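Engineer: Structure provided below as structure tokens; questions to follow.
The values are calculated or read from the model by the stated rules, or taken from the named source; none is laboratory data. Values in this document were obtained by computation on a predicted structure and should not be read as measured data. Every residue, glycine as well, gets a Cβ built from its backbone with ideal geometry; the counts of neighbours run over all protein chains shown.
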């Protein structure tokens, strides 16, 4: 260490020791006792100071707890909050701030009422003291609550309960205490000083200038003079706080975290309030600044940034269903206020970003906006608040307004205002209509403070296409605040009205109009609103009927009544909208189909009886008249017929249409096709359709048509091919098959025109058809009533007269190329046929099976058929078959000529095999052990083989064999009498051997040439023989009357359809002989035969053998010298025999003169 004394040089002036001792001697008592006491006191003070400093150091370093000061801090805070509550601090610590101040951190601080209830609580707080902690009476300069939590409960009734901190008792907002009662009443009376400086609210007398804010100025001045408590408190804040809002009405909980609030004094003077928080949607900041006093005025500023209005509205709105807002908020307000409260200048700006505003429950009743901007500027000299801008925009929609608000001299006077346009364009893409440019907006009115009424005294909206004027008021001073509005619009395009239609008035009807109604011109609009304000946006309480009334009328509208159908054009509408209902009447309109067909419409109505329900319903009704082809075109469109339905060619239809259309719409939140239903009731008169059956037309029909989403139903009656019929057609929308019912009466002419040529059926046939069709396959159950018809060999042997019952029923399946008839039952008059048959479209039989094949009473047989290549093989098996009808058909008229409209018949190749135990015929005769095999190719009979037993021991056989170089059909029997009786040709022959040779059948009307030969037979019981013998005066050789034995009979014949012509017939035997020729007409059932009876034929015929002379004497090789001419004429059941006795004495060549000429008589013409 360096010694500074040794180097001292007595240069310059220095304090002398004697002088210091003199000062000390003057301060220290001179008495010994006095000096001792003085030094003791000095040391005591020094020790106390050192101890205080050490204690402060130990507390600051944490080595010693600061809880010693807790009671003093509690007392200081209690003094600052009025001394009415107790402050309890769990623990305390001390920190030194950077600027040297002392900060006490208290933990678990609570504020309790005198009864012990917790009023507020916080986890911790920082308290900065003004003054030393050692003074034991520190002043609080700054208080920060850290981590405080507040819970706000908003009940459905609107009562708010606030709890500050965990375990704190909720404070409930109740009714305000009545004035003048208790301490509160005394406290409520304003002091004279308050009145003097203007602290009494201006509303008390209304005489205060609205631009003179003396209460606000006084509050600011008080804050500037002292702390926030009137003392040293300069800084109050909240760090990392939490606000929990429980909204019972919405059932939601909103939590605002990281809340920071700070109220400080600026360095240059004034106060700054900063409020930041983290909401559910993001952070937000609010800043309020009070500037220092300069030139006896202060500047005020309030800024709000990034506030999510959705969180604020959702948390604190009692009825969340009525109001929704999701627009980010940024705002700023600047003002300059004199120290006396005079507002020297002010301006405000509010900016709301993109989002929605409107009904909280129904998203369809919200406005979607890109932004809202509001600017307000006070002009104190003119006492005017300039409103500019006042803007809202959505895509191309712009509403830019500006205006002024006149500030009255006294607050109780009226506040008048005026708004005018800057730019108003309604051109959003949600409508296809042209944009509306409002060229003039002028709205004037006033707010009347005393009555709390906002009036719209004169409102004018003017554009190039029309105008709207309105007046009204919003009443806030009555028991139930309400809004009134009366508006009148001029003639304008309907698009303008649609643009102005608010989303909150009949929203379902509005949506329907926007989506389905275009074009049109409105002749005029009237709107009257008189409704409580509380009901605006209210979805829980319906509007009164008279709350809203809008009436308009116009023409030229286009309406899309149902998706997928042509729009309604040129519609005239009369619309009425009330608080509960919407009605639109359409006196006239037209519909033009895609193929340019036109229907007129009248008496149309759209009615929504109550649009208050969340998902209301509406009905549309309209009458339609016009040509039937237009209606058929509409019914064929997919919206009505469905994807599987059938669209008919409307160009093939004729007639008139009259219809009633009803549409029911259920306006659901999420639309479904089933929410729209419809019904169409139409009548088609004088209706006709081409090619309804083949090439034939339905004509003269009256049809009732019904269409719903479930399908289409047609019922009617008319004529096809001149035949009356009734029908029903039902097509369900989602089912491929359509149901068809037809009842018709088809006579011969109708069947011929329809190509249903049934030659065997003569007369009317009743047809009943019930089936389904998908236009590819038709399935039907068919009933035929043939009672009134005459049946001639419908199948061989099936014949009946008119009036005799016969019905058929079967199920058919028409696949286009084939028709299958199942469950066929043909029953009546002894006939019973059951089975099935399948027929190709060319008429060929593809297969058949008839387990029961009974053509007459007692038949027991079955029939089956199947294809083998191109040949149809038919098999008939039976025990007994009555062949009388079959035999009659074989000698009958054949086929009736086909109609010229019927297709040309095709002869199918067929093989028939039949095995029958017994075939019953006429006169009690039976063919036993009957076997038949027939083969036909086209019209040619290629093979034939038949065997049977007849009579007692007789046989019958037949085959095709070559005769004279060509094939011939030969039939032989050893019992000709039995066969003749079986065939009912002639029943008086016994025995005899018969053979018949004829051409095989060749189809069509080709004649068959043949010959018949019979030998060794006897005729018994024939009265005609006695007549002839008597005429010839011959009685020789007769054992008994009417009996004659013959050796041989022969004749040539020609068979044509329905008749047989006999020529060169001769019968001869030992007793008598005869010649015969003539015709048997089976169709007319008449016979006409002639010939010569020759008695004693063996002797008499000898003269005919003499050349030349024999001819002269006998008249022919088979006649005799003596003979009698005869004829047999009349019905086959009883012909008349006529004999010419004069011919008996005439020579043969003269006998020809007495012969009967051809007496064939034509059958009588058919009945008309």
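Engineer: Being modelled with pLDDT of 85 or more, over 19 Å from residue 619 (Cα atoms), surrounded by 19 or more Cβ atoms within 10 Å (Cβ to Cβ) and touching a strand residue (DSSP E or B) at 6+ places or on another chain (Cβ under 8 Å) narrows it down to one of 485, 543, 527, so name that one.
Structural biologist: Step by step, each of 485, 543, 527 is checked, and only 527 is modelled with pLDDT of 85 or more, over 19 Å from residue 619 (Cα atoms), surrounded by 19 or more Cβ atoms within 10 Å (Cβ to Cβ) and touching a strand residue (DSSP E or B) at 6+ places or on another chain (Cβ under 8 Å).
Engineer: Can you pull out every residue in region 783-797 that is over 26 Å from residue 740 (Cα atoms) and at pLDDT 75 or above?
Structural biologist: Passing the criteria: 790, 791, 792.
Engineer: If you take the residues of region 972-991 that are part of a helix (DSSP H, G or I) and in contact with a strand residue (DSSP E or B) (Cβ under 9 Å, 6 or more places away or on another chain), which of them is surrounded by the most Cβ atoms within 10 Å (Cβ to Cβ)?
Structural biologist: Per the stated criteria, the residue is 976.
Engineer: Every residue in region 559-587 that is at positive phi and assigned to a strand (DSSP E or B), please.
Structural biologist: Passing the criteria: only 570.
Engineer: For region 423-522, which strands (runs of 3 or more DSSP E) that fit wholly inside it have 3 or more residues that are within 29 Å of residue 607 (Cα to Cα)?
Structural biologist: Those strands (runs of 3 or more DSSP E) span 467-475, 482-489.
Engineer: Okay, moving on. Just checking, how many residues over region 432-458 are over 26 Å from residue 410 (Cα atoms) and surrounded by fewer than 19 Cβ atoms within 10 Å (Cβ to Cβ)?
Structural biologist: Counting residues in region 432-458 that are over 26 Å from residue 410 (Cα atoms) and surrounded by fewer than 19 Cβ atoms within 10 Å (Cβ to Cβ) gives 7.
Engineer: So how many residues does region 706-723 have that are out of contact with any helix residue (DSSP H, G or I) (no Cβ under 7 Å at 6 or more places or on another chain) and in contact (Cβ under 8 Å) with a residue 60 or more places away in the chain?
Structural biologist: Residues in region 706-723 being out of contact with any helix residue (DSSP H, G or I) (no Cβ under 7 Å at 6 or more places or on another chain) and in contact (Cβ under 8 Å) with a residue 60 or more places away in the chain: 1 in total.
Engineer: Any residue in region 206-227 that's crowded, with 18+ Cβ neighbours inside 10 Å: show its pairings with residues that are at pLDDT 85 or above and part of a helix (DSSP H, G or I) at Cβ separation under 9 Å, as long as the two are six or more apart or on different chains.
Structural biologist: Pairs that qualify, where the first residue is crowded, with 18+ Cβ neighbours inside 10 Å and the partner is at pLDDT 85 or above and part of a helix (DSSP H, G or I), are 208/214.
Here is a yes/no grid of residues against (1) touching a helix residue (DSSP H, G or I) at 6+ places or on another chain (Cβ under 7 Å); (2) under 21 Å from residue 221 (Cβ atoms); (3) not in a strand (DSSP E or B):
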| position | (1), (2), (3) |
| --- | --- |
| 259 | no, no, no |
| 267 | no, yes, yes |
| 274 | no, no, no |
| 278 | no, no, no |
| 299 | no, yes, no |
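Residue by residue, here is whether (1) modelled with pLDDT of 90 or more; (2) over 22 Å from residue 1060 (Cβ atoms); (3) buried (at least 19 other Cβ atoms within 10 Å of the Cβ); (4) in contact with a helix residue (DSSP H, G or I) (Cβ under 8 Å, 6 or more places away or on another chain) holds:
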| position | (1), (2), (3), (4) |
| --- | --- |
| 885 | no, no, yes, no |
| 903 | no, yes, no, no |
| 910 | no, yes, no, no |
| 915 | yes, yes, no, no |
| 922 | no, no, no, yes |
| 931 | yes, yes, no, no |
| 946 | yes, no, no, no |
| 950 | yes, no, yes, yes |
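Engineer: Being surrounded by fewer than 17 Cβ atoms within 10 Å (Cβ to Cβ), closer than 20 Å to residue 209 by Cβ, in contact with a strand residue (DSSP E or B) (Cβ under 8 Å, 6 or more places away or on another chain) and free of Cβ contacts under 8 Å to residues at least 12 places away in the same chain is true for just one of 379, 414. Which residue is that?
Structural biologist: Of the residues listed, the single one that is surrounded by fewer than 17 Cβ atoms within 10 Å (Cβ to Cβ), closer than 20 Å to residue 209 by Cβ, in contact with a strand residue (DSSP E or B) (Cβ under 8 Å, 6 or more places away or on another chain) and free of Cβ contacts under 8 Å to residues at least 12 places away in the same chain is 379.
Engineer: Given region 740-830, what strands (runs of 3 or more DSSP E) lie entirely inside it while holding 1 or more residues that are surrounded by 16 or more Cβ atoms within 10 Å (Cβ to Cβ) and free of Cβ contacts under 8 Å to residues at least 24 places away in the same chain?
Structural biologist: Ranges flagged: 765-773, 778-785, 818-828.
Engineer: Which of the residues that make up region 992-1014 are surrounded by fewer than 22 Cβ atoms within 10 Å (Cβ to Cβ) and in a strand (DSSP E or B)?
Structural biologist: 993, 995, 996, 997, 998, 1008, 1009, 1010, 1011, 1012, 1013 - these are the residues of region 992-1014 that are surrounded by fewer than 22 Cβ atoms within 10 Å (Cβ to Cβ) and in a strand (DSSP E or B).
Engineer: If a residue must be at pLDDT below 75 and either in contact with a helix residue (DSSP H, G or I) (Cβ under 8 Å, 6 or more places away or on another chain) or surrounded by fewer than 17 Cβ atoms within 10 Å (Cβ to Cβ) (or both), how many such residues does region 1025-1069 contain?
Structural biologist: 13
Engineer: While we're looking at this one, here's another question. For the condition in contact with a strand residue (DSSP E or B) (Cβ under 6 Å, 6 or more places away or on another chain) and more than 25 Å from residue 125 (Cβ to Cβ), what is the one hit in 270, 279, 251?
Structural biologist: 270 is the lone residue from the list that is in contact with a strand residue (DSSP E or B) (Cβ under 6 Å, 6 or more places away or on another chain) and more than 25 Å from residue 125 (Cβ to Cβ).
Engineer: Has region 677-699 got at least one residue that is in contact (Cβ under 8 Å) with a residue 60 or more places away in the chain and crowded, with 20+ Cβ neighbours inside 10 Å?
Structural biologist: No: zero hits.
Engineer: Additional query: Return the pair list, or none, for Cβ contacts closer than 6 Å from residues in region 642-653 that are under 30 Å from residue 674 (Cβ atoms) to residues that are modelled with pLDDT of 80 or more and loosely packed, with under 15 Cβ neighbours inside 10 Å, at least 6 apart or on different chains.
Structural biologist: Close Cβ pairs satisfying both conditions: none exist.
Engineer: Checking residue 648 against (1) in contact with a helix residue (DSSP H, G or I) (Cβ under 9 Å, 6 or more places away or on another chain); (2) more than 30 Å from residue 776 (Cα to Cα); (3) in a loop (DSSP other than H, G, I, E, B), which test does it fail?
Structural biologist: (2)
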